[in-house]
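Undergrad: First the structure, which I've put down as structure tokens, then a few questions once you've had a look.
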Amino acid sequence: MLTPHFIAPARFDDPAAALDQLRLIYDSSINHLRECLQRFVGGENLPGRVRAYYPFVRIHTATVARAHSRLSYGFVAGPGTFETTITRPDLFGNYYLEQLRLLLENHGRNQSVQLEVGTSSQPIPIHFSFAEHDHIEGSMSVERRQAMRDLFDLPDLGAMDDGIANGTCERRPGEAQPLSLFTAPRVDYSLQRLRHYTGTAPEHFQNFVLFTNYQFYIDEFIRLGHEIMNRVPDPQTPEDEDHYIAFVEPGNLVTRRVGQSVQPGDDMGAAPPRMPQMPGYHLIRADGSGITMVNIGVGPANAKTITDHIAVLRPHAWLMLGHCAGLRNTQQLGDYVLAHGYVREDHVLDEDLPLWVPIPPLAEVQVALEAAVAEVTQLTGYDLKRIMRTGTVASTDNRNWELLPQRTPERRFSQSRAIALDMESATIAANGFRFRVPYGTLLCVSDKPLHGEIKLPGMANHFYRERVDQHLRIGIRAVELLRREGVDKLHSRKLRSFAEVAFQ
């Protein structure tokens, strides 16, 4: 077995030193895999199987003393041993540093708890060691590619399920409890999928994410992104837009803000020959607190797929901005719907999150969205209520629900008190609940099928032109308000389970 030099476990009471050790182990493992792979691709017959392992971080506490009851994360649930494997400290360095700091702060003062860092027994699949622009398949024969299986570890789906997040993971007696929602292989798997689905590298994703189900919103986001990039920053202006430093499009095409210097790697991007399935766009801030926008298209399957993967990046919030069918006769085309509850008839999460689990509204997100609507529309009081209604949104996986006989969907929607219907919002919210990512939904009524107002080409085009710009600016303004309030208020205890993992 060809393995890197073994690095023995060590204990730390300094989070920065613990992170440095994690980097050392991870880099040693990745460099070993890449070196052996280069030799193999070059035609060398390696003398044995190649293997390297993820680093782990572990904490042990022997007391039932609780951390401060107002905390929602950063502490373990009780006495015992807790650990997780770690990947990509280059990408998650700041995140890991904060989680390790909180663990020591909440458990180390009175208990003399230390962080243990070492080499785990979890192999790193060779595919997860590739650098961003590595493409080895074309340089090897079919026989050579098949021989890789005999020498290198391939991704093992058994090591990357969502049992921890779903609350179904049962550890064997004596086995350590989880520290985080995702194992290192699960994170690496999602990072690869994000490249595939969005056409952009995970490094570009920001901590606030907007989802939409229409290209019109993306077109407006692109226009706004380039407008901001061409605007000379004014240090005297407190506007949030003056803190955006770059705009990234599919193919990792980077546009820097006027006055910003070009960074290494900016010239590596290239427009893709065809758009990815769910293209992603990133309005970047230096601290990562900018805005990522993804066009998930139509349907709950895409909504689940992309949120399954973005969740490993641990965003501070994600919001759904899109169109919906208004279900009340009092609604007008162009009215807004702020969801405070969801009817889940999308079915894509039924195995992961049972339908009896309620998906609660999050006060901080609701307040920010309502305030953003008021600011952008310049409406208050009755006038604001006239164009925005708060209520239940139903999500279905049947785009032609109105054609079903006997009007049974209509009856269910009425019984649920739903005021709007779409195909994605409940999935976005439910996966936010499932993965402990704060969520919210603001939709715009684009048709009223129960009342004879269906989408027609001319009417739809006029509606899109009138409403998309305003709706997008409301979403961006809501993000700015959430950012100003502070992310600590966002990560609510209502998203945490009984025996919750320590990492946010």
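Undergrad: In the stretch 71-87, which residue that is surrounded by 19 or more Cβ atoms within 10 Å (Cβ to Cβ) and out of contact with any His (no Cβ under 8 Å at 6 or more places or on another chain) is nearest to Ile30 (Cα to Cα)?
TA: Thr87
Undergrad: Collect the residues in the stretch 165-179 that are assigned to a loop (DSSP other than H, G, I, E, B) and either of a type in the set (Phe, Trp, Tyr) or open to solvent by 10 Å² or more (accessible area, probe 1.4 Å) (or both), keeping them in residue-number order.
TA: Taking the stretch 165-179 first, the residues assigned to a loop (DSSP other than H, G, I, E, B) are 167-176, 179.
Those that are assigned to a loop (DSSP other than H, G, I, E, B) and either of a type in the set (Phe, Trp, Tyr) or open to solvent by 10 Å² or more (accessible area, probe 1.4 Å) (or both): Gly167, Thr168, Cys169, Glu170, Arg171, Arg172, Pro173, Gly174, Glu175, Ala176.
Undergrad: Might you let me know whether the stretch 6-26 holds any residue that is outside any loop (DSSP other than H, G, I, E, B), farther than 23 Å from Arg314 by Cβ and in contact (Cβ under 8 Å) with a residue 60 or more places away in the chain?
TA: Scanning the stretch 6-26, I find at least one residue that is outside any loop (DSSP other than H, G, I, E, B), farther than 23 Å from Arg314 by Cβ and in contact (Cβ under 8 Å) with a residue 60 or more places away in the chain, so the answer is yes.
Undergrad: Of Thr183, Thr198, which residue is among the β-branched types (Val, Ile, Thr), open to solvent by 20 Å² or more (accessible area, probe 1.4 Å) and at negative phi? Write out each step before concluding.
TA: Details: Thr198 fails: open to solvent by 20 Å² or more (accessible area, probe 1.4 Å).
That would be Thr183, the only listed residue that is among the β-branched types (Val, Ile, Thr), open to solvent by 20 Å² or more (accessible area, probe 1.4 Å) and at negative phi.
Undergrad: Just to be sure I understand, how many residues within the stretch 6-51 are open to solvent by 80 Å² or more (accessible area, probe 1.4 Å) and either of a type in the set (Ser, Thr, Tyr) or over 18 Å from Thr87 (Cα atoms) (or both)?
TA: 6
Undergrad: Being in contact with a helix residue (DSSP H, G or I) (Cβ under 6 Å, 6 or more places away or on another chain), open to solvent by less than 50 Å² (accessible area, probe 1.4 Å) and modelled with pLDDT under 90 is the requirement here; does Ile124 meet it?
TA: Details: in contact with a helix residue (DSSP H, G or I) (Cβ under 6 Å, 6 or more places away or on another chain): yes; open to solvent by less than 50 Å² (accessible area, probe 1.4 Å): yes; modelled with pLDDT under 90: no.
No; evaluated as a whole, the condition is false for this residue.
Undergrad: A further question on this structure: Anything in the stretch 180-202 that is among the β-branched types (Val, Ile, Thr) and part of a helix (DSSP H, G or I)? List them, or say none.
TA: Taking the stretch 180-202 and keeping what is among the β-branched types (Val, Ile, Thr), we get 183, 187, 198, 200.
Val187, Thr198, listed by residue number.
Undergrad: So, one more: Which residues, counting only those in the stretch 244-273, are touching a residue at least 40 places away in the same chain (Cβ under 8 Å) and out of contact with any strand residue (DSSP E or B) (no Cβ under 8 Å at 6 or more places or on another chain)?
TA: Result: Gly251, Asn252, Met268, Pro272.
Undergrad: Sticking with this one: Within the stretch 490-501, identify whether any single residue is open to solvent by less than 30 Å² (accessible area, probe 1.4 Å), modelled with pLDDT of 85 or more, under 27 Å from the mean Cα position of the chain (by Cα) and of a type in the set (Asp, Glu), and answer yes or no.
TA: The answer is yes, given that some residue of the stretch 490-501 is open to solvent by less than 30 Å² (accessible area, probe 1.4 Å), modelled with pLDDT of 85 or more, under 27 Å from the mean Cα position of the chain (by Cα) and of a type in the set (Asp, Glu).
Undergrad: Next question, about the same structure. Let me confirm something: among Asp162, Asp188, Asp242, Asp219, which residue is closer than 30 Å to Leu46 by Cβ, surrounded by 14 or more Cβ atoms within 10 Å (Cβ to Cβ) and either modelled with pLDDT under 90 or not hydrophobic (A, V, I, L, M, F, W, C) (or both)? First the steps, then the outcome.
TA: Numbers: Asp162 fails: closer than 30 Å to Leu46 by Cβ; Asp242 fails: closer than 30 Å to Leu46 by Cβ; Asp219 fails: closer than 30 Å to Leu46 by Cβ.
On inspection, the qualifying residue turns out to be Asp188.
Undergrad: Would a scan of the stretch 243-252 turn up a residue that is of a type outside the set (D, E, K, R), within 24 Å of Ser425 (Cβ to Cβ) and not in a loop (DSSP other than H, G, I, E, B)?
TA: No, the stretch 243-252 contains no residue that is of a type outside the set (D, E, K, R), within 24 Å of Ser425 (Cβ to Cβ) and not in a loop (DSSP other than H, G, I, E, B).
Undergrad: Sort through Val376, Val365 and tell me the only one that's assigned to a helix (DSSP H, G or I), surrounded by 12 or more Cβ atoms within 10 Å (Cβ to Cβ), out of contact with any strand residue (DSSP E or B) (no Cβ under 9 Å at 6 or more places or on another chain) and modelled with pLDDT of 95 or more. I'd like the intermediate steps shown before the answer.
TA: Values: Val365 fails: out of contact with any strand residue (DSSP E or B) (no Cβ under 9 Å at 6 or more places or on another chain).
On inspection, the qualifying residue turns out to be Val376.
Undergrad: Would you mention how many residues in the stretch 418-431 are more than 14 Å from Val294 (Cβ to Cβ) and either at pLDDT 95 or above or out of contact with any helix residue (DSSP H, G or I) (no Cβ under 8 Å at 6 or more places or on another chain) (or both)? Break it down stepwise before answering.
TA: At the first step, the residues of the stretch 418-431 found to be more than 14 Å from Val294 (Cβ to Cβ) are 418-423, 425-426, 429-430.
If we keep only those that are either at pLDDT 95 or above or out of contact with any helix residue (DSSP H, G or I) (no Cβ under 8 Å at 6 or more places or on another chain) (or both) too, we end up with 418-420, 422, 425-426, 429-430.
Within the stretch 418-431, residues that are more than 14 Å from Val294 (Cβ to Cβ) and either at pLDDT 95 or above or out of contact with any helix residue (DSSP H, G or I) (no Cβ under 8 Å at 6 or more places or on another chain) (or both) number 8.
The values are calculated or read from the model by the stated rules, or taken from the named source; none is laboratory data. Given the structure is predicted, the values throughout are model-derived calculations rather than measurements. Virtual Cβ from ideal backbone geometry, glycine too; neighbours counted across all protein chains shown. Side chains are part of the model used for accessible areas, which takes the heavy atoms of the whole protein and leaves out ligands, DNA and RNA. Shrake-Rupley method; radii C 1.70, N 1.55, O 1.52, S 1.80 Å.
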